[in-house]
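Beneath this line is the structure, given in structure tokens, with notes to follow.
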Amino acid sequence: MTKVAQAPLTYDSQLEKMEIELLLEAIYRHYGFDFRSYAFSSIRRRIWKRVNAEGLSNVTALQERILHDSKVMERLLLDLSINVTAMFRDPGFYRAFREDVVPLLRTYPFIRVWHAGCSTGEEVYSMAILLEEEGLLARSRLYATDINEVVLQQARAGIFPLERMQEYTENYIKAGGKRSFSEHVVFSQHNLVTDRSFSEFNVILCRNVLIYFDKSLQARVQGLFYDSLVHFGILGLGSKESLKFSQYEDCYEQIAAEKIYRKIK
């Protein structure tokens, strides 16, 4: 079992919280990455993972190292970015998309899809394959964005671990797949926390990202998606995410058993 990174038992919790806040503020001011509104428990674990990996004893020491060594910042950014992904992750989502969303997309002469928080690109390629199989890729443009340029480079290369291909293939078949993997997607860097919308989209997919944000940041990103979607556009979220109790709840209708919503207001 993997040991969860955490502060030493003797570490003062108030001091720890102050150190983490100062570290996140320093990262924002020096590098422009804003993690200040991420869920504290998640960000705390990831920071201590990096503290331990760098052989340091406290968060302040990590802050000093980060401010004077961009390579350390690159390593921390990989820790702070959420990079859990797989081809056809949650196959039921793709099956529902195929059955409930694709018929709607057929009515559009051109389809713009934004995959926000794309990580290393497996789920983006999955959607490209699905659209190709349904005869829609030729009139679609997929934009895949992530805060982390390192994982984007891997995504652009389309290189995935051989040991996971059996799992990916099984997911593909469960999702209703019909062909082998091989498509092209445009990837670019985008920060959901600080950057604005860059187009209008028919589909926005942001799955298993919002759960790492606090309520205020979730609301800000939901507003970004709302402003970026065309009327009757589609929003796909992760299985543990929802629009319930948000200010945008009444602006969408859920159109599938999975977390797939259509903008109606």
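The values are calculated or read from the model by the stated rules, or taken from the named source; none is laboratory data. The structure presented is a predicted model; accordingly, all values stated were derived computationally and were not measured. Virtual Cβ from ideal backbone geometry, glycine too; neighbours counted across all protein chains shown. Calculation scope for accessible area: heavy atoms of the full protein, side chains included, ligands and nucleic acids excluded. Shrake-Rupley method; radii C 1.70, N 1.55, O 1.52, S 1.80 Å.
Quick notes on this structure:
- Inspection of the stretch 81-99 identifies at least one residue that is out of contact with any His (no Cβ under 6 Å at 6 or more places or on another chain), of a type in the set (A, V, I, L, M) and under 30 Å from Gln14 (Cα atoms).
- In the stretch 57-64, the condition of being closer than 14 Å to Arg75 by Cα and loosely packed, with under 13 Cβ neighbours inside 10 Å is met by no residue.
- Within the stretch 227-250, if we keep just the residues that are open to solvent by 20 Å² or more (accessible area, probe 1.4 Å) and touching a strand residue (DSSP E or B) at 6+ places or on another chain (Cβ under 7 Å), the residue that is nearest to Ile260 (Cα to Cα) turns out to be Phe232.
- All told, Glu253 meets the bar of being of a type in the set (D, E, K, R), without any contact (Cβ under 8 Å) to a residue 12 or more places away in the chain, closer than 23 Å to Gly92 by Cα and open to solvent by 50 Å² or more (accessible area, probe 1.4 Å).
- Candidate set from the stretch 77-92 (those that are assigned to a loop (DSSP other than H, G, I, E, B) and of a type in the set (A, V, I, L, M, F, W, C)); member that is nearest to Lys259 (Cα to Cα): Phe88
- Residues within the stretch 83-118 that are within 12 Å of the chain's Cα centre (by Cα), under 19 Å from Phe225 (Cα atoms) and either surrounded by fewer than 24 Cβ atoms within 10 Å (Cβ to Cβ) or among the aromatic types (Phe, Trp, Tyr) (or both), tallied: 2
- Residue count for the stretch 53-76, restricted to those that are over 14 Å from Glu16 (Cβ atoms) and either acidic (Asp, Glu) or not in a loop (DSSP other than H, G, I, E, B) (or both): 15
- Test: residue in the stretch 39-47 that is without any contact (Cβ under 8 Å) to a residue 40 or more places away in the chain, under 24 Å from Cys206 (Cβ atoms) and either loosely packed, with under 15 Cβ neighbours inside 10 Å or touching a His at 6+ places or on another chain (Cβ under 8 Å) (or both): yes
- Boolean, Ile211 is modelled with pLDDT under 80, in a helix (DSSP H, G or I) and either at negative phi or surrounded by fewer than 17 Cβ atoms within 10 Å (Cβ to Cβ) (or both): no
- The stretch 104-144, subset among the hydroxyl-bearing types (Ser, Thr, Tyr) and out of contact with any Phe, Trp or Tyr (no Cβ under 7 Å at 6 or more places or on another chain), residue nearest to Ile211 (Cα to Cα): Ser119
- The lone exception for Gly135 - which of (1) open to solvent by 10 Å² or more (accessible area, probe 1.4 Å); (2) in a helix (DSSP H, G or I); (3) not hydroxyl-bearing (Ser, Thr, Tyr) it fails: (2)
- Failed item, numbered, when Leu67 is tested on (1) within 24 Å of the chain's Cα centre (by Cα); (2) within 25 Å of Gln14 (Cβ to Cβ): (1)
- Filter result (crowded, with 20+ Cβ neighbours inside 10 Å and either touching a helix residue (DSSP H, G or I) at 6+ places or on another chain (Cβ under 9 Å) or under 15 Å from Glu249 (Cα atoms) (or both)) within the stretch 186-201: Phe187, Leu192, Phe201
- All of (1) farther than 22 Å from Leu23 by Cβ; (2) free of Cβ contacts under 8 Å to residues at least 12 places away in the same chain hold for Phe110 with one exception: (2).
- Any pair with Cβ under 7 angstrom, 6 or more apart, that starts in the stretch 12-28 at a residue that is open to solvent by 20 Å² or more (accessible area, probe 1.4 Å) and ends at one that is assigned to a helix (DSSP H, G or I): Leu22/Gln63
- Pairs are defined by a Cβ separation below 7 Å, a sequence spacing of at least 6 or placement on different chains, a first member in the stretch 183-200 that is on the phi < 0 side of the Ramachandran plot, and a second member that is open to solvent by 60 Å² or more (accessible area, probe 1.4 Å) and at pLDDT below 85; the pairs so defined are Phe187/Arg156.
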